[in-house]
1. Among what's in region A:13-46 and is away from RNA strand B (no atom under 14 Å from the Cβ) and aromatic (Phe, Trp, Tyr), pick the residue that is farthest from A:Ile205 (Cα to Cα).
2. Can you find a residue in region A:467-476 that is over 25 Å from A:Pro360 (Cα atoms), of a type in the set (S, T, N, Q) and touching a Leu at 6+ places or on another chain (Cβ under 7 Å)?
3. Mind checking whether some residue in region A:166-181 is without any contact (Cβ under 8 Å) to a residue 12 or more places away in the chain and assigned to a strand (DSSP E or B)?
4. Quick one: A:Ile55 ticks every box in (1) under 26 Å from A:Arg297 (Cα atoms); (2) without any contact (Cβ under 8 Å) to a residue 60 or more places away in the chain; (3) surrounded by 23 or more Cβ atoms within 10 Å (Cβ to Cβ) except a single one, so which number is it?
5. I need every pair where a residue in region A:187-205 that is without any contact (Cβ under 8 Å) to a residue 60 or more places away in the chain has its Cβ under 7 Å from the Cβ of a residue that is within 7 Å of RNA strand B (Cβ to nearest atom), sequence separation at least 6 or different chains.
6. Does region A:125-143 include one or more residues that are within 35 Å of the chain's Cα centre (by Cα) and modelled with pLDDT under 95?
7. Can you spot a residue in region A:461-468 that is within 28 Å of A:Phe266 (Cα to Cα), surrounded by fewer than 18 Cβ atoms within 10 Å (Cβ to Cβ), in contact (Cβ under 8 Å) with a residue 60 or more places away in the chain and not aliphatic (A, V, I, L, M)?
8. I'm trying to understand the selection: among the residues of region A:417-445, which are of a type in the set (Gly, Ala, Ser) and in a helix (DSSP H, G or I)?
Amino acid sequence: MRARFAPSPTGFLHIGNARTALFNWLAVRNAGGEFIVRSDDTDTARSTAEFAQDILDGLRWLGLDWDEGVEVGGPHGSYRQSDRFDRYREVAESLTAAGTAYPCFCKAEELDERRKKARDEGKPPGYDGRCRTIDSDEAATRVAAGESASLRLAVPRPGATTFRDVVREDMSFDNETIDDFVILRSDGSPTYHLASSVDDIDYGITHVIRGEDLLSSTPKHILIAQGMGAESPTYVHLSLLMGPDGSKLSKRHGDTSLHAYRNAGFVADAVVNYLSLLGWSPGGDDDIISRDDAVARFSLDDVLKNPAVFDPQKLEWMNGAYIRAMDPEGFAASLQPLVEADLERPLEVAEMAALTQLAPLVQERTKLLTEVAPQVRFLFGDLVYDDKSWNKVMTTPEARSALGGAAAALSDVEDWSAPAIEEALRAMLGSLELSARKGLQPIRVAVTGSSVSPPLFESLEGLGREQSLERIRVASERIG
RNA sequence: GCCCCCAUCGUCCAGCGGUCCAGGACUCCGCUCUUUCAAGGCGGCAACAGGGGUUCGAAUCCCCUUGGGGGCACCA
């Protein structure tokens, strides 16, 4: 099996395209074949190096490694279509020589006009085929004279183009519904249809796994392959990803670029897992499935036909599950840069130790990596009180005595550790006859600034005795 | 307008003619655990789009309707 992911670098890697890449990768890895990444950059005007880089970065981040293609090379040259225009021209010319394609002298503006008119009249907007009837010798003469012409494929009529799609089964398109499409523009550049079809054949692609939006273009690709006397690959058209409103997932549903999710604090494994569940199911009751399991169980035969709505909430839940499953050291390590970015300074050794100590407790309550920094900020920066928390907790009659009791109790703790701190504070609660809630919440707000924080005793331990007492003192004064 | 695709809880999936008054997950709502918030445990709400067939028997097969989606460029 040889499958390919062939994005056009005319935009950032879209989450939907990432899923297409993933399904290609899963199918190939399951079959033990080769995964190829190609750059379909025939649209030189819209393609940029930045987009190309974003796409490759995204694939690498997801861990979708490729065996051949852009940046890794392989036996087929550059894997960038912009480097292969000569090859496409060669094919286009041979198709023309064989009478399978013909020159079209219509101007773009005329075409636009005619298309608009046809639409208004309720007719099919495709090319009407008028240059097809021009005598081939005459056409050749005009081309030789330098008249500007594109090349169109002469779609056989009457007739039908049929193929068997792995997920859609038998497909048949009446050739009358396929217009004579352009394969080579008048500037000599190839269109997507030509370049993609030629490459799939030249590279020995066995399975074209792509979005359903290309389903109705497939007959065109098959016709080109036929013109080349080659066998077409097997086609697998994946249903599209939908937004919450049921239309194709796009910018209007928010930022759908993969890197947006990465920046938002999602982890790659969770994204891979979640995406794999859109249009496929590993079977069984558990939605959390390891990458290896997914590879082992994946089959194109099990891919669903119906479109799937992308649900960010479930992705978030899954991300939390993956974060909780990380090993604590790895979690702490991935936190460091985020916390440092938040503080806008590097962490000192002692601070890193405090972070590492608290990390496992933060880990349990984190859905997105990016929400960690605010949770642990109290350990490092200047304390900022959350007004709502303060008003809710510090205005109770018990707050003052709880803080006073805590100051005394914590001063006497010999071994500054969470268990010893807990013991001392519980004794304080007992002697003051305060409930845990009434007695501990003021301490939490005093020390972390918020009524919501990581577990209190560990937080105190991480902060250190001196800082803790100082904050309790400041809070007591602030109560007045 | 024409061509094509799709149709099980709000969402993602299981179901591939009887074991389904339909199962799991997310969300939501209770309860529980608890120093807060989470996480966890327990429980709950919630679906076979409609109509015809086929069959002893249909969520499962066929047809129609309806609804949704995609495509119809010298973009990809």
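The values are calculated or read from the model by the stated rules, or taken from the named source; none is laboratory data. Fair warning: this is a prediction, and the values are worked out from it, not measured in the lab. All Cβ positions, even for glycine, are placed from backbone atoms using ideal geometry, and neighbour counts span all protein chains on display.
1. That would be A:Trp25.
2. Looking for residues that are over 25 Å from A:Pro360 (Cα atoms), of a type in the set (S, T, N, Q) and touching a Leu at 6+ places or on another chain (Cβ under 7 Å), one finds at least one in region A:467-476, hence yes.
3. Step one: of region A:166-181, the residues without any contact (Cβ under 8 Å) to a residue 12 or more places away in the chain are A:169-170.
Among the residues that remain, those that are also assigned to a strand (DSSP E or B) are: A:169-170.
Yes, the conditions are met somewhere in region A:166-181.
4. (1)
5. Listed by first residue and then by second, the contacts come to A:His193/A:Phe181; A:His193/A:Ser217.
6. Quick first cut of region A:125-143, residues within 35 Å of the chain's Cα centre (by Cα) only: A:125-126.
Retained after the next criterion (residues that are modelled with pLDDT under 95): A:125-126.
Yes, that holds for at least one residue.
7. Checked region A:461-468: no residue is within 28 Å of A:Phe266 (Cα to Cα), surrounded by fewer than 18 Cβ atoms within 10 Å (Cβ to Cβ), in contact (Cβ under 8 Å) with a residue 60 or more places away in the chain and not aliphatic (A, V, I, L, M).
8. Pass one, region A:417-445, residues of a type in the set (Gly, Ala, Ser): A:417-418, A:420, A:424, A:427, A:430-431, A:435-436, A:439.
Once the filter is applied, which keeps residues that are of a type in the set (Gly, Ala, Ser) and in a helix (DSSP H, G or I), region A:417-445 yields A:Ala418, A:Ala420, A:Ala424, A:Ala427, A:Gly430, A:Ser431, A:Ala436, A:Gly439.
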